[in-house]
Amino acid sequence: MITLDSLTKSYDDHLVVDGVSLELPSAGVTSIIGPNGAGKSTLLSMVSRLLGVDAGTVDLDGLDVHRAPSREVARRLAILRQDSHTPARITVRELVELGRHPHSKGRLTPACHAAVDAALARCDLADLDRRGLHELSGGQRQRAYVAMVLAQDTRYLLLDEPLNSLDLVHATALMQLLRTLSDEHGTSVVLVLHDINYASVHSDRIIAMRDGRVVRDGTPEEVITEEALSDVYGAPFRVHHLDGDRIAAYYR
Amino acid sequence: MTSLRGRTAAVTLGVAAAVVALLAVASLAVGAATLDWGAVLTDPEQLRLVTVSRIPRTAAVILAGAAMAVAGLIMQALTRNRYVAPTTAGTIDAAGLGVLVAVLLFAGASVMAKIGIALVFAFAGTALFLLLVERLRLREMIMVPLLGLVLGGIFRATTEMIAYRANLTQTVQVWMNGDFSGVIEGRYETLWLAGAAAAAAYLMAHHLTAAGMGREIATSVGLPYRATLAAGLGVASFATAVVVVTVGAIPFLGLIVPNVVTLLVGDNLRRALPVTALGGAALVLACDLIGRLVIHPYEIPVSSVVGVLGAGVLLALILRKGNRFARA
Amino acid sequence: MRRVVLALTLATLGAAALLLTWGVDGHWDFALPRRLETLAALVIVGAAVAVATVVFQTVTASRILTPSIMGFDSLYVLVATLIVWSTGAATALAMPPLALFALNTGVMLGASLLLFRAVIGDGTRGLYTTVLAGVIAGTLFSSISGFLFRVMDPNAFDVLMADLFASFTSIDTTLLAVGAVVLTAAVAGAFAMARRLDVLALGRDGAIGVGLDHRRTVMLAMALVAVLVSVSTALVGPVTFLGLLVANLAYRLTGTHRHGANLLVAMLVAAVALVLGQALLQHVLAFNGTLGSLISLVGGVVFIAMLIKESRR
């Protein structure tokens, strides 16, 4: 379990995350939604120690994320940001191997090779592994980064808007992959999502943020309602029931 | 907004003019020899000191400062890039190479011949820079001056190698370091040409502004784009060439002054140009005064003072958080 | 990869043989020791610049930045100038070159880390702002040095010039030995952190994500760069475009992001370029020019060609 205790962050007098306390479960898919500027990405960055906190603590199964050795944290928690920096001249396999760094410091063991192969296979990249990252399409590249964090083999997997730059088919495939990972592997997947319907269909739990605070927190049935969404986004919503899923419409 | 900018422009122009006037008086007063103001009209020696040395020097500083600043403003408007200036587009180094070629090929060349050859080189160098920039698809703001700096480095290396062969290394160093200590009556007058170039730029300000909007917009308002571009670059290259030949290169002026000025009064060239000219004059006057006072009665070349102050100011501008440079 | 290293090693040996033997007519006992010193200086400087550049480019995530473009060489010159200026000619002259070098390097280390902190800061500034700030900082440093040249006492100035602008053909032997030792240590350090540098290429967030102590690694890398720049600048003064040229040639040749390979190949390329350049300068161009200008010229053209080719992709 990841316990957030009154996390606060402001940029130049502007409060972005305002004393958020919550618990992220050690299994299942948890989505964080909310309008632009709600503080979702900032929150995720603080939980994954990419960003320092102004106040508050993050406890990762008994480990203080901001004080523990970075490598210790990296064995339990992986984070994928949307604007990943692409190193020059790196192959897909080499990139995925970097995910083993917390376990091997770069000297790969047989277990590492197995984990890399498994991650590549899961992301459907086994045939592309010798290709340079810059030769891939946007969707393939995103999958390579996902394979890297999968190879890290952590209990928690945090992703910041992983669907950006993916078309419908690839976006759906990635959500299915994350769902399977959680179901079969017991990984706790936490993502920031812009598309509420992906959140609605694939999540066990949805956390809605607005103005740096958590305003709704519960199952899709509890959060994907006309009343709750209108409150979170400050705009009218309709929610339809389609084949057992709750689909929000906000186009008119 | 426009009227506010207009008022700011008027106020800035007035303030800049007043500062230049004050600094000019100070510049007239400072020098190796003591000047007795009361005796200027009665003592012919004192009068000679003023007309032969002090007035020419002050005029030279004002003209060179104004011309270099305006050259920078024109180049930034035409390339739509705030980092482009004679220093960062290879113009100065190309002009330096031109001066060396002039000295080597035409031993007793007149000042005008030197200016002519330096102008050809400065123009060709800057045109080459623009051609290369056009081929640079990746139009990140900073890549452009980086390319210019490297191009300038190539010109400088060529100059150095030729100078080394011809035993002129020392001489080249003198040209490339702007210095007003040699200015006396009869050895600065070419700088009026640089002043004329700045005035010409003012007359064509509207055309330059339109050309700065890019080829499509310029063409759609009926402007011959290439010709305007060439004319603007010609004026900037000419001002640079004249200054380099007469007093040597002054770094950074064309970069800092226009950037600070447009920050204050906006990008309209006709409005920004006079303020830029005065700002350049004021900055060089101040730097020249500092250079003359620090180790009085000796002098530090103005280029060193501008380099230290100018680079310092620019660095502070860039590193300040949330400014428009930081967004590039 | 193995073939590339082998070919480059052979090329280095060939260039070295050329430099050592070309045009020696009989006076071996006179020519050989001097040429050996030149050769050693070239190899040391080449290795220092190559490693410094590759490490620096990884830290700044850019293939066109070099310590030299970012003002590190000018910083070294400024530090040396400040030391001579503040101690005076007599003290500076009395100081053994070794002590002066140690003092320079020490101050340089601190100053460059400060510069790096001030310019790179917390990493929130864009790369391009960082570049521009570095370039301008370099101009600021050389302007201040130029300013001090004018105000310092002429004797101190002479000491400084002798200290700063030695060339590849006239080098202090003690300094050469010390340079070799420091270089070996720094290069060993760079290879030891090669795998961490591989991870650093993921960028700050990516590197932290896989558990790298990003801050410490970056600081360590920059300290290495500062020491290496000190070694090369102390030996021969600033060499502007060498690093850019060799680092990018190395990336082309290895075709991998692994630092183990790139560091080694860049060092070899630098050695070949400098040794061959010096041999050509001596015999074909008959010393007409300096190696620095030659490298600026060739390196500048290569740089622009690369920039334009890169923007095509």
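The values are calculated or read from the model by the stated rules, or taken from the named source; none is laboratory data. Note that the coordinates shown come from a computational prediction; the quantities given were computed from them, not determined experimentally. Positions of Cβ are backbone-derived with ideal geometry, glycine not excepted, and every protein chain shown enters the neighbour counts. These accessible areas exclude ligands, DNA and RNA; they are computed on the full protein's heavy atoms, side chains included. Shrake-Rupley method; radii C 1.70, N 1.55, O 1.52, S 1.80 Å.
Miscellaneous remarks
- Qualifying residue in the range C:138-160 (condition: within 12 Å of chain B (Cβ to nearest Cβ), at pLDDT below 70 and buried (at least 22 other Cβ atoms within 10 Å of the Cβ)): no
- Here B:VAL120, B:VAL103, B:VAL84 are screened, and the one residue that is buried (at least 19 other Cβ atoms within 10 Å of the Cβ) and either of a type outside the set (Val, Ile, Thr) or not in a loop (DSSP other than H, G, I, E, B) (or both) is B:VAL103.
- Extreme residue, nearest to the chain's Cα centre (by Cα), among residues of the range A:81-105 that are more than 7 Å from every other protein chain (Cβ to nearest Cβ) and of a type outside the set (D, E, K, R): A:GLN82
- The set of residues in the range C:9-49 being crowded, with 20+ Cβ neighbours inside 10 Å, closer than 17 Å to C:LEU242 by Cβ and over 18 Å from the mean Cα position of the chain (by Cα) consists of C:THR12, C:ALA15, C:LEU19.
- Restricting attention to the range A:46-63, the residues being open to solvent by 10 Å² or more (accessible area, probe 1.4 Å) and in a helix (DSSP H, G or I) number 0.
- Odd one out for C:GLY121, checked against (1) at pLDDT below 80; (2) away from every other protein chain (no Cβ under 14 Å): (2)
- Some residue of the range C:60-70 being part of a helix (DSSP H, G or I) and either small (Gly, Ala, Ser) or open to solvent by 20 Å² or more (accessible area, probe 1.4 Å) (or both): no
- Failed item, numbered, when A:LEU108 is tested on (1) in contact (Cβ under 8 Å) with a residue 24 or more places away in the chain; (2) among the hydrophobic types (A, V, I, L, M, F, W, C); (3) within 13 Å of chain C (Cβ to nearest Cβ): (1)
- Among the residues making up the range A:151-165, those that are open to solvent by 30 Å² or more (accessible area, probe 1.4 Å) and either modelled with pLDDT under 90 or touching a Leu at 6+ places or on another chain (Cβ under 9 Å) (or both) are A:ARG155, A:ASN164, A:SER165.
- Number of the condition not met by C:LEU127 [criteria: (1) open to solvent by 40 Å² or more (accessible area, probe 1.4 Å); (2) closer than 28 Å to C:ALA223 by Cβ; (3) modelled with pLDDT of 75 or more; (4) not charged (D, E, K, R)]: (3)
- From the list A:ILE90, A:ILE32, A:ILE2, the one residue that fits, being at pLDDT below 90 and open to solvent by less than 10 Å² (accessible area, probe 1.4 Å), is A:ILE90.
- Of all the residues in the range A:64-86, those that are open to solvent by 30 Å² or more (accessible area, probe 1.4 Å) and either farther than 27 Å from A:ALA121 by Cβ or in a loop (DSSP other than H, G, I, E, B) (or both) number 11.
- Among the residues of the range B:205-232, those that are open to solvent by less than 40 Å² (accessible area, probe 1.4 Å) and not in a helix (DSSP H, G or I) comprise B:GLY214, B:LEU223.
- Qualifying residue in the range B:215-227 (condition: touching a Leu at 6+ places or on another chain (Cβ under 9 Å), within 24 Å of B:LEU130 (Cα to Cα) and among the β-branched types (Val, Ile, Thr)): yes
- In the set (1) part of a helix (DSSP H, G or I); (2) more than 25 Å from A:SER70 (Cα to Cα), A:ARG89 fails one condition alone, (1).
- Single match in B:THR42, B:THR58 (criterion: of a type in the set (Val, Ile, Thr) and not in a helix (DSSP H, G or I)): B:THR42
- Restricting A:ARG67, A:ARG131 to residues that are touching a Ser or Thr at 6+ places or on another chain (Cβ under 7 Å) and more than 8 Å from chain C (Cβ to nearest Cβ) narrows the list to A:ARG131.
- Residue match in the range C:39-58 (condition: in contact with a helix residue (DSSP H, G or I) (Cβ under 8 Å, 6 or more places away or on another chain), part of a helix (DSSP H, G or I) and modelled with pLDDT under 85): no
- With respect to the conditions (1) within 13 Å of chain C (Cβ to nearest Cβ); (2) at pLDDT below 90; (3) in a helix (DSSP H, G or I), A:ALA144 falls short on a single one, namely (2).
- Any hit, the range B:262-270, residues being of a type in the set (S, T, N, Q) and either within 14 Å of chain C (Cβ to nearest Cβ) or surrounded by fewer than 24 Cβ atoms within 10 Å (Cβ to Cβ) (or both): yes
- Matching residues in the range B:284-302 - criterion: being facing chain C (nearest Cβ under 8 Å) and either surrounded by 23 or more Cβ atoms within 10 Å (Cβ to Cβ) or among the basic types (Lys, Arg) (or both): B:ILE300, B:PRO301
- Residue within the range B:130-141 that is in contact (Cβ under 8 Å) with a residue 24 or more places away in the chain, in a helix (DSSP H, G or I) and farther than 25 Å from B:GLY279 by Cβ present: yes
- Considering the range B:161-177, the residues that are free of Cβ contacts under 8 Å to residues at least 24 places away in the same chain and within 25 Å of the chain's Cα centre (by Cα) include one that is surrounded by the most Cβ atoms within 10 Å (Cβ to Cβ), namely B:THR169.
- Filtered residue count, the range B:178-204, keeping only those that are in a loop (DSSP other than H, G, I, E, B), of a type in the set (Ser, Thr, Tyr) and either open to solvent by 40 Å² or more (accessible area, probe 1.4 Å) or without any contact (Cβ under 8 Å) to a residue 60 or more places away in the chain (or both): 1
- Taking helices (runs of 4 or more DSSP H) as the structural unit, those lying wholly within the range C:165-256 and holding at least 3 residues that are at pLDDT 85 or above and facing chain A (nearest Cβ under 9 Å) correspond to C:194-200, C:203-209.
- Condition met for B:ALA113 (assigned to a loop (DSSP other than H, G, I, E, B), more than 26 Å from B:VAL150 (Cβ to Cβ) and out of contact with any Cys (no Cβ under 7 Å at 6 or more places or on another chain)): no
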